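Note sheet for the following structure.
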Amino acid sequence: MALPSTIYRTNLQLADIDRGVYETLQTTVARHPSETEERLLARLLAFALFQEEGLQFTKGVGAGDEPDLWSKGPDGRVLLWVEVGLPEAERLIKAARHAERVALLACGNALPAWERQQLPKLAAVANLTVTSVDQGFIKGLTARLERAISWEITITEGTLYLQVGGESLQTPLLVRTALQ
């Protein structure tokens, strides 16, 4: 018998000063049995980092042809395709052909090797933004993971500040566009 997904209820107070986005985001997110806590938390961070009207979680792990998050226009066209982790360059190139914009929250233990191998292949993709966060930051969040997630997130001058359970954490955001 298959294990059920674990459900998390989230309340994110977002103040993205760099982009002028101020939102209260309440959502429910499921962690598939095959998904790690780190990946779940990275998806939540991506939800905040790339927040725009209509951004929503997809079936993710359950649907290999969908991103982790996306926003679609009224005509069904994909406006923003968001991936999390360290996907192959070919997946991002294909997404860039079908979506107006593509964003990647690059994170994982193999990030330095991924950057050396994959970033050169992505140099010609004009509608791609790659944002990297420190894996240690995400691992630190796993120690604070509860079924009811309440975060206060402030993004300013390329740094993400996160308040959780009375603690303040921070990580620099490395943002790359037009990856020459």
Region 109-133, residues that are part of a loop (DSSP other than H, G, I, E, B) and crowded, with 20+ Cβ neighbours inside 10 Å:
Val133
Residues located in region 134-163, provided they are surrounded by 13 or more Cβ atoms within 10 Å (Cβ to Cβ) and among the hydrophobic types (A, V, I, L, M, F, W, C):
Phe137, Ile138, Leu141, Leu145, Ile149, Trp151, Ile153, Ile155, Leu160, Leu162
Taking Gly20 and the conditions (1) out of contact with any helix residue (DSSP H, G or I) (no Cβ under 9 Å at 6 or more places or on another chain); (2) small (Gly, Ala, Ser); (3) more than 27 Å from Gly158 (Cα to Cα), which numbered condition does it fall short on, given that it satisfies the others?
(3)
Return the total of residues in region 1-23 being out of contact with any strand residue (DSSP E or B) (no Cβ under 6 Å at 6 or more places or on another chain) and either aliphatic (A, V, I, L, M) or over 17 Å from Tyr161 (Cβ atoms) (or both).
5
Residue under question is Gly73, and the condition is that it be out of contact with any strand residue (DSSP E or B) (no Cβ under 9 Å at 6 or more places or on another chain), surrounded by fewer than 12 Cβ atoms within 10 Å (Cβ to Cβ) and farther than 26 Å from Arg147 by Cβ; does it hold?
no
Residue count, region 86-105 (criterion: part of a strand (DSSP E or B) and farther than 21 Å from Gly158 by Cβ):
2
Quick one: Glu100 ticks every box in (1) of a type outside the set (Val, Ile, Thr); (2) free of Cβ contacts under 8 Å to residues at least 60 places away in the same chain; (3) in contact with a Cys (Cβ under 9 Å, 6 or more places away or on another chain); (4) at negative phi bar one, so which box is it?
(3)
Can you pull out the residues in region 58-70 that are surrounded by fewer than 19 Cβ atoms within 10 Å (Cβ to Cβ) and in a helix (DSSP H, G or I)?
Val61, Gly62
Subset tally (residues that are under 18 Å from Leu145 (Cβ atoms) and surrounded by 14 or more Cβ atoms within 10 Å (Cβ to Cβ)) for region 14-29
3
Specify the residue that is modelled with the lowest pLDDT; the eligible residues are those in region 19-48 that are in a loop (DSSP other than H, G, I, E, B) and either on the phi > 0 side of the Ramachandran plot or within 17 Å of the chain's Cα centre (by Cα) (or both).
His32
For region 98-107, which positions are farther than 13 Å from Leu49 by Cα and out of contact with any helix residue (DSSP H, G or I) (no Cβ under 6 Å at 6 or more places or on another chain)?
His98, Ala99, Glu100, Arg101
Out of Leu55, Leu49, report the one residue that is surrounded by fewer than 21 Cβ atoms within 10 Å (Cβ to Cβ), out of contact with any Pro (no Cβ under 7 Å at 6 or more places or on another chain) and touching a residue at least 24 places away in the same chain (Cβ under 8 Å).
Leu55
Here is a check on your reading of the model: is Leu12 farther than 16 Å from Gly85 by Cα, modelled with pLDDT of 90 or more and hydrophobic (A, V, I, L, M, F, W, C)?
yes
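The values are calculated or read from the model by the stated rules, or taken from the named source; none is laboratory data. Predicted, not measured: the structure shown is a model, and the values here were computed from it. Note: ideal-geometry Cβ built from the backbone for every residue, glycine included; neighbour counts use all protein chains shown.
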